[in-house]
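In what follows, a structure is listed as structure tokens, so that the remarks can point back to it.
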Amino acid sequence: MHTSHLQYPPTHVALFVLLGVFVFALLVMLEIGLLNRAYLRLGLAPRIAMLVLIASLVGSYLNIPVAQLPGERVVANAYVDFFGLTYPVPEIVDWPGTIVAINVGGALIPTLLSIYLVATYRLLVPATIATAIVAIVVHQLATPIPGVGIAVPLFWPPVLAAIVAIVLSRRYGAPIAYVAGSIGVLIGADLTNLDKLKTLGAPVASIGGAGTFDGVFLAGVVAVLLSGIGQRRAASGAPL
């Protein structure tokens, strides 16, 4: 197994740069204090939030192999278009089947943070309900893409997670949105479609990577925005 072939950007360079701009903008707002309270409402100290954002983006390059599936064919040296976005397929020659991996930035970090948020705010019931709803809808939207794996529309998961979270709890809408938006995508898109992976000819099937990383990452951005909304409502005396 050539582990160097497992490390590659989860999406097209242009979109990856755009996500980096999102991170930079959030870091600037954190640095000047605009989002400090918002992140505290999400359950993170500002400096920790900065590290999580950077780690998620940088970690999206890293895939940890966990299994190997026999593949029928392998698509190499290609880019695949889907939902108006272009996803890179790692350049691999004579790869024996499909490697199932866990993406550090798109799966491992969001899962650990979700567990922390659920435990901190005791959100097991509402977070589970919201995650289940998002997972069901995402599963219906998920589309197998030859050479890539499973892909979902970019903005649907985080927007849906935000709506469901607000309906369930305005007070804890931000952490619920993050959990539902990240874990819901991972379950609905990747985990429930593992049986389809070996027929897609993808040299690497990254859970939380290409096809789903964008939605998971934006779930974190939306959660921060919800935190800011909650912060303003609290300052104005509106009920949460």
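Ranked highest first by average number of other Cβ atoms within 10 Å, how do 50-62, 126-138, 166-178 line up? Don't jump to the answer; show the numbers that get you there.
Values: 50-62: 18.9, 126-138: 21.4, 166-178: 23.2.
Result, highest mean first: 166-178, 126-138, 50-62.
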request  = Could you check the simple spin-label distance between GLN140 and ALA119, using points 7 Å along Cα→Cβ, in nm with one decimal?
outcome  = 3.5 nm
note = Residue-ordered couplings for segment 98-103, obtained by feeding phi - 60° into the Karplus form 6.51 cos²θ - 1.76 cosθ + 1.60 and rounding to whole Hz (Gly and Pro as x), are 10, 8, 8, 10, 10, 7
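Only the coordinates and a few stated rules stand behind these numbers; no lab work does. Quantities reported herein were computed from a predicted structural model and do not represent experimental measurements. Reconstructed Cβ throughout: ideal geometry from the backbone, glycine too, with neighbour counts over all protein chains shown.
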